[in-house]
Amino acid sequence: MTHDSEQAGRAPETSGDTVGVVFVGCGYAADFYGATMPNYPHVEVRGAFDVVRERAATFVGEYGGRVFDDFDEVLDDPDLAVVVNLTPVSQHYRVTRAALLAGKHVYSEKPLASTLPEATELVELARERGLLLSSAPSTVFSRSARTLLRAVGDGRIGRPRLVHASLDMGALAFMPYTQWRSRRGVPWPYRDEVANGCVMEHAGYQLSWLVAMLGPVVRMAAHTSLQLGGEWPEQGELAPDVCLGFLEFAGGAVCRLSIGWVAPADLSLTVIGDRGVLSVGDVWQASAPVMLRRHVRTSGKTNAYLAEPERLPFVAPPARYRYADTHDLTVGAGVADMASALLKGEQPFLSADFCLHVLDVSLRLSEGRGVMEDVPLAVPSDRMPAVFPVLTGAAAT
Ligand SMILES: NC(=O)c1ccc[n+]([C@@H]2O[C@H](COP(=O)([O-])OP(=O)(O)OC[C@H]3O[C@@H](n4cnc5c(N)ncnc54)[C@H](O)[C@@H]3O)[C@@H](O)[C@H]2O)c1
C-alpha cells in the first residue's frame, strides 16, 4: 500500500473506552513516554517501530505492545488509531505526513515540523481528513501549570500585565552530555539537540503555558546569538545558544523571555498582575510549587508592596507513574488528552492550530526576528574609555 499518495486513509474507529497507540521512534525521549503511559488507562500501547529494530524491541520489552517491523505495517494496522511520532526533528514532517495520509491521528514530539510551510501543510491535511494532530510539549497539563492557570483565571492577581519567563538550561557545553543515557541506555542525541538549538528544543515549554494563559502572541521581537560555539569539541552545525525575546499577547500582557544554553539553569515563570504576583520555580517539574504574593498596604518610605509568598494548593493530585529523571515533564498527558478528545469527538487542548501558533512563534524566536539597531557612537571612539580602570588593575585607590 502506498501511503504517500493522495489516497485518503479513513480515520480508524475508536471502539469502547480505549484508544490504540503506536510509538514511532524509540530513542532517548521514548522512555519518558513509556514510563508515564500507565497513568492513562484509556490509552493502550499497542507497540512500537524504530528504524533501529533493537530500540523498538527494548521499548516494548519495557512498556508493552509488539514490535512493528516496518512503517507500512504500522500504517496498515486498523487497530492503531494514533501514531506518536518520536523520531528526530528532521523526520517529523515526513513521518507525520505519511501517518495522516494513512488515516492515523498523530501526536508529534515538538516541533510539529522544521518549517512553517511544512507544519501548515500538516495542519491542513489533518483538517481535510478529519484527523487530530497535536504536538508536545504537554507540560501545560502538569499540576503546577493547571494550578497556576486556574489562579490566573480566578483573578487571584487581577489582570496579568507582565511575565518573566526563562528556559535557561545551564551551559550545556560544559556538562557531561556524552554520558547522559535514558532508562533503557539510549544516549542523549546531543548533536541533533545543538543543531536544532535551544529555542526549537525548548521555547514551547514556556510558550504553551503563556499562550494557554494569555492568548496568542500578537507582536514580538527577538535576538539570538551564539556565545559558546567555540567550546564544542566537534564543530558541526551549531544553532544560537542564547535567545532573548519580547512578546505581546492578545490580552495586552507583555513578556520578556530568555532561552539558552549559556546562563545557569533558570526555568522559572513569574506572572505579574495588578493585584499580585504568581510564580513557579521550575516549569519542568510537574509538582513545582505555585506561589502567590498578594498586594499589601504599606506606609512610609519603603518599596515593599507584596505580602510573604503563600503556596497555593494544587488543583490536581500527582501522577502515579513518573519518569524519575532530572525533570518530570508530564509527557504522556498530551497523548492522553488527544485520546480523550478522540473518544469524545472533540479537539485536544493542544489542537493543531494551537501547536502551529507555538511553532510559528518558536521559529520567529529562533531566527532572532526583530529590530536590532546598530548604535553608532555619538562621540569619536578615542573619547570613550577603553575599559573601566579596575579591569586593568590601574584603578587608583
Ligand atoms: N532528548 C530529550 O531530552 C528530549 C526530551 C523531550 C523531547 N524530545 C524530542 O523527542 C524527539 C526525539 O528525540 P530523542 O531525544 O528521543 O531522539 P533519539 O535520536 O534518541 O531517538 C529518535 C529515534 O527515532 C528513530 N528514527 C529515526 N528516524 C526514524 C524513522 N523515520 N522512523 C522510525 N524511527 C526513526 C531513531 O533510530 C531513534 O531511535 C525529538 O523531537 C526531540 O525534540 C527529546
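Quick notes on this structure:
- Residues that are farther than 20 Å from ARG364 by Cβ, touching a residue at least 12 places away in the same chain (Cβ under 8 Å), more than 17 Å from the chain's Cα centre (by Cα) and not assigned by TED's automatic domain parsing to the domain that holds GLY245, drawn from the range 111-163: LEU125, ALA126, ARG127, ARG129, GLY130, LEU131, LEU132
- Taken over the range 303-339, the residue count meeting the criterion of being touching a residue at least 40 places away in the same chain (Cβ under 8 Å), in contact with a Lys or Arg (Cβ under 9 Å, 6 or more places away or on another chain) and away from the ligand (no atom under 16 Å from the Cβ) is 7.
- ALA195 under 20 Å from the mean Cα position of the chain (by Cα), within 16 Å of the ligand (Cβ to nearest atom) and among the small types (Gly, Ala, Ser): yes
- The residues in the range 52-104 that are hydrophobic (A, V, I, L, M, F, W, C), within 11 Å of the ligand (Cβ to nearest atom) and farther than 18 Å from GLY185 by Cα can be counted, and the count is 9.
- Listing of helices (runs of 4 or more DSSP H) fully contained in the range 7-99 that carry 3 or more residues being charged (D, E, K, R): 53-63, 71-76
- Test: GLY155 is within 14 Å of the ligand (Cβ to nearest atom), on the phi > 0 side of the Ramachandran plot and surrounded by fewer than 16 Cβ atoms within 10 Å (Cβ to Cβ): no
The values are calculated or read from the model by the stated rules, or taken from the named source; none is laboratory data. None of these values were measured; they are calculated from a predicted model. Virtual Cβ from ideal backbone geometry, glycine too; neighbours counted across all protein chains shown.
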